[in-house]
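Engineer: Have a look at this one.
The values are calculated or read from the model by the stated rules, or taken from the named source; none is laboratory data. The shown structure was predicted, so the numbers you read here are calculated from the model rather than taken from an experiment. Don't worry about glycine lacking a Cβ; one is built from the backbone with ideal geometry, like all the others, and counts go over all protein chains shown. For accessibility, only protein heavy atoms count, side chains too; no ligands or nucleic acids. Shrake-Rupley method; radii C 1.70, N 1.55, O 1.52, S 1.80 Å.
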Amino acid sequence: FMKNKTIIEVAIVLDDLRSIDQSVSKNMLNKYKDAEWKLCRTVDSAIKYFDSAMCNVVFVSFDHDLGIIPENGEKEITGNDLFLYIEEMIFSEKLSVIPEMLVHSSNPSSGKIKLGIESLRKRVNNS
């Protein structure tokens, strides 16, 4: 049992197919070179890092389509679901660090995430 636990900085790439190097620029890899880079194939696996008391997520790069085809009329889970989760965490003040967020998806639907990030940035900067 450690009293002064070390909190690790984590950089997340959410993508069902690509590798970290295929998703993120060298500049970003350098900018967060001290962080532990995690490749998450699902939204749930990315959320684990946000929910862990041992991690501060400092960076997230989003893919939109995660290759999960919904069944029985369920809603498709996309990168936007992770964004909405992060936004909720920020506004309920559950995050000590607000991560830098980018979208690396080429899907037109990923515009929703980009708009969300932009709007969030404005609201956070004004508060």
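Engineer: With the checklist (1) modelled with pLDDT under 95; (2) farther than 20 Å from residue 113 by Cα; (3) exposed (fewer than 11 other Cβ atoms within 10 Å of the Cβ); (4) not polar (S, T, N, Q) in hand, flag the one item residue 75 doesn't pass.
Structural biologist: Going through (1) modelled with pLDDT under 95; (2) farther than 20 Å from residue 113 by Cα; (3) exposed (fewer than 11 other Cβ atoms within 10 Å of the Cβ); (4) not polar (S, T, N, Q) one by one, residue 75 breaks only (2).
Engineer: Further, regarding this structure: When segment 27-46 is examined, which residues are found to be open to solvent by 30 Å² or more (accessible area, probe 1.4 Å) and in contact with a helix residue (DSSP H, G or I) (Cβ under 8 Å, 6 or more places away or on another chain)?
Structural biologist: 29, 37, 38, 39
Engineer: Restricting segment 87-127 to residues that are of a type in the set (D, E, K, R) and surrounded by 13 or more Cβ atoms within 10 Å (Cβ to Cβ), which is nearest to residue 24 (Cα to Cα)?
Structural biologist: Here the answer is 100.
Engineer: Then there's this: Do you know which residues across segment 16-26 are surrounded by 12 or more Cβ atoms within 10 Å (Cβ to Cβ) and of a type in the set (A, V, I, L, M)?
Structural biologist: Scanning segment 16-26 gives 20, 24.
Engineer: Conditions: (1) out of contact with any helix residue (DSSP H, G or I) (no Cβ under 8 Å at 6 or more places or on another chain); (2) crowded, with 17+ Cβ neighbours inside 10 Å. Residue 55 meets all but one. Number of the miss?
Structural biologist: Residue 55 satisfies all of (1) out of contact with any helix residue (DSSP H, G or I) (no Cβ under 8 Å at 6 or more places or on another chain); (2) crowded, with 17+ Cβ neighbours inside 10 Å except (1).
Engineer: Starting from segment 98-127, keep only residues that are modelled with pLDDT of 95 or more, then list their pairs with residues that are aromatic (Phe, Trp, Tyr) whose Cβ atoms are within a distance under 6 Å, requiring at least 6 positions of separation or different chains.
Structural biologist: Within 6 Å, the pairs are 99/59; 100/59; 103/62; 113/62; 113/83; 116/83.
Engineer: Still on this structure, I have one more. Do you know which of the residues in segment 45-74 that are part of a strand (DSSP E or B) and closer than 24 Å to residue 109 by Cβ is farthest from the chain's Cα centre (by Cα)?
Structural biologist: So the residue we want is 65.
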